[in-house]
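The values are calculated or read from the model by the stated rules, or taken from the named source; none is laboratory data. Remember, predicted model here, so these are calculated numbers, not experimental data. Here the Cβ positions follow ideal geometry from the backbone for every residue, glycine too, while neighbour counts run over all protein chains shown. The accessibility values were calculated without ligands, DNA or RNA, using every heavy atom of the protein model including side chains. Shrake-Rupley method; radii C 1.70, N 1.55, O 1.52, S 1.80 Å.
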Amino acid sequence: MWAAETELLSGAMNEASDISIADQLLRLETTKTWSLIATVFGDLEEDHISGKALRNLLEPLNIKPEAMRVALHRLKKDGWIVSEKNGREMIYRLSDHGRQETRAAREDVYRRDVKFPDGWRVVLLPSNAAPIDDVHISLERSVYLAPKGAALPRSAVELAPPDVMPNWFAERLVPDQVLQQAAALTDLATQFLTTKPTQASSVSIRLMFLHYWRRMALRTGVWAHIGLFPTGVMSECHAAMCKVFDQTQRTRPSP
């Protein structure tokens with residue numbers, strides 16, 4: 001009897017912990033439904049999902065059916081997904097364009113190593129120089145941070161990086177709001193990994209972690225921060241997210 005009561009109490013505590021973690025994740029930022037659906041498609045083991053299965057995934061995250069329909073309409077209009085009728089059910093899958101973009105994003109989102117492992121360099125550009133490609137980060141007027149190996153204009157002058165990175169340097173890489181969110185994700189991931197979540201709550205919590213991390217991992221500045229501050233907030237968040245993804249399964253929607 002005592003064992004049964006202890007098991008029931010333990011289950012109730014775990015469920016309450018799950019709800020708390022999910023609620024805290026939802027409160028970090030107002031979630032855009034279309035962006036969350038893009039996260040779902042990126043994590044699917046299969047290349048399609050039914051409308052019913054998608055509703056089942058989003059309902060625990062307080063996403064209303066009306067918001068889901070509007071978001072799906074937007075994603076279809078933007079050429080990100082396509083749909084087809086299967087009996088009475090609608091089936092959604094990524095378009096060729098959406099599949100290509102998702103495949104490219106996955107490399108960074110699920111990356112275990114550090115992007116741009118060769119490091120970074122500070123460069124000075126004359127005011128009339130052509131801009132560096134899309135992997136550069138503006139630090140000050142005419143001063144940029146670029147990965148080693150990235151193509152630079154001939155007029156670029158490499159500067160010696162400071163021995164100790166100043167605070168303003170880190171702030172140029174990642175906005176303070178993102179750093180605060182990353183710290184919160186790390187704390188919540190630690191809580192999550194020390195509990196025994198139910199399968200249903202684990203799916204929802206994984207999706208929310210993945211949703212926030214996906215948006216961070218697509219920022220060049222985040223990877224620069226991880227590379228230049230290996231014990232910093234972003235590096236800790238990256239390590240925590242890798243553990244979460246390693247210990248949870250990719251999205252397998254129920255019908």
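No other residue among Leu159, Leu61 is touching a Leu at 6+ places or on another chain (Cβ under 7 Å) and surrounded by fewer than 16 Cβ atoms within 10 Å (Cβ to Cβ) apart from Leu159. For segment 73-87, the set of residues classified as within 20 Å of Glu45 (Cβ to Cβ) and surrounded by 12 or more Cβ atoms within 10 Å (Cβ to Cβ) consists of Leu75, Trp80, Ile81, Val82, Ser83, listed by residue number. In segment 88-106, of all residues being open to solvent by less than 60 Å² (accessible area, probe 1.4 Å) and not in a strand (DSSP E or B), the one that is nearest to Ser142 (Cα to Cα) corresponds to Ala105. Listed by position, the helices (runs of 4 or more DSSP H) enclosed by segment 153-255 that each have at least 2 residues that are farther than 24 Å from Glu140 by Cβ and not hydrophobic (A, V, I, L, M, F, W, C) are 176-193, 199-217, 233-246.
When you go through Leu179, Leu228, Leu193 one by one, which is the residue that is open to solvent by 20 Å² or more (accessible area, probe 1.4 Å) and farther than 30 Å from Leu58 by Cα?
Leu228
Within segment 55-73, residues that are at positive phi reach partners that are part of a helix (DSSP H, G or I) with beta carbons closer than 8 Å, at six or more positions or on different chains, in the pairs Asn62/Leu26. Taking the criterion of being among the hydrophobic types (A, V, I, L, M, F, W, C), outside any loop (DSSP other than H, G, I, E, B) and open to solvent by 10 Å² or more (accessible area, probe 1.4 Å), the residues of segment 24-58 that qualify are Leu26, Trp34, Ala38, Leu57.
The residue pairs whose first member lies in segment 215-231 and is more than 22 Å from Val40 (Cα to Cα), whose second member is of a type in the set (Phe, Trp, Tyr), and whose beta carbons are closer than 9 Å, counting only pairs six or more residues apart or on different chains, are Thr220/Phe116; Trp223/Phe116; Ala224/Phe116; Ala224/Trp120; Gly227/Phe116; Gly227/Trp120; Leu228/Trp120; Leu228/Phe169.
Pairs are defined by a Cβ separation below 6 Å, a sequence spacing of at least 6 or placement on different chains, a first member in segment 107-123 that is open to solvent by less than 60 Å² (accessible area, probe 1.4 Å), and a second member that is of a type in the set (Ser, Thr, Tyr); the pairs so defined are Val123/Tyr144.
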